[in-house]
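Okay, structure first, notes after.
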């Protein structure tokens with residue numbers, strides 16, 4: 001998984017645990033693909049401050065995953081769902097299970 005894809009996945013799960021300022025900078029950098037310089041101009045902070053925030057957020061998101069393992073568990077569930085789709089008697093319950101994946105908070 002490429003770094004930006006991985007961080008975006010981590011943000012899906014744990015972005016709400018970051019401060020509002022960190023969320024904003026991460027959204028600019030990882031979701032909207034702004035450069036560090038563009039973000040520094042938008043937020044009137046130094047490029048180094050943006051870089052530091054991005055680096056710290058990545059480390060914090062990885063720390064959350066190392067403890068909570070929600071991304072890993074989601075991948076395991078997806079693999080199980082794929083196998084369940086091959087079993088006709090499981091299909092009626094599969095959509096109901098997938099809907100439970102959407103319960104919870106949102107990052108943005």
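The values are calculated or read from the model by the stated rules, or taken from the named source; none is laboratory data. Just so it is clear, the structure is predicted and the values come from calculations on it, not from any experiment. Cβ: placed from backbone, ideal geometry, glycine included. Neighbour counts: every protein chain shown.
So that you can scan it fast, the table gives a plain yes or no per residue for (1) touching a strand residue (DSSP E or B) at 6+ places or on another chain (Cβ under 6 Å); (2) under 15 Å from residue 4 (Cα atoms); (3) at pLDDT below 95; (4) surrounded by 11 or more Cβ atoms within 10 Å (Cβ to Cβ):
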{"residue": "21", "(1), (2), (3), (4)": "no, no, no, yes"}
{"residue": "25", "(1), (2), (3), (4)": "no, yes, no, yes"}
{"residue": "34", "(1), (2), (3), (4)": "no, yes, no, yes"}
{"residue": "67", "(1), (2), (3), (4)": "no, no, no, no"}
{"residue": "84", "(1), (2), (3), (4)": "no, no, yes, yes"}
{"residue": "95", "(1), (2), (3), (4)": "no, no, yes, no"}
Would a scan of region 72-81 turn up a residue that is out of contact with any strand residue (DSSP E or B) (no Cβ under 6 Å at 6 or more places or on another chain), under 25 Å from residue 103 (Cα atoms), exposed (fewer than 15 other Cβ atoms within 10 Å of the Cβ) and modelled with pLDDT of 95 or more?
-> yes
Give the residue, chosen from 93, 29, that is without any contact (Cβ under 8 Å) to a residue 40 or more places away in the chain and under 13 Å from residue 11 (Cβ atoms).
-> 29
Check every one of the helices (runs of 4 or more DSSP H) wholly within region 6-86 and list those with 1 or more residues that are within 14 Å of the chain's Cα centre (by Cα) and at negative phi.
-> 20-26, 47-68, 70-85
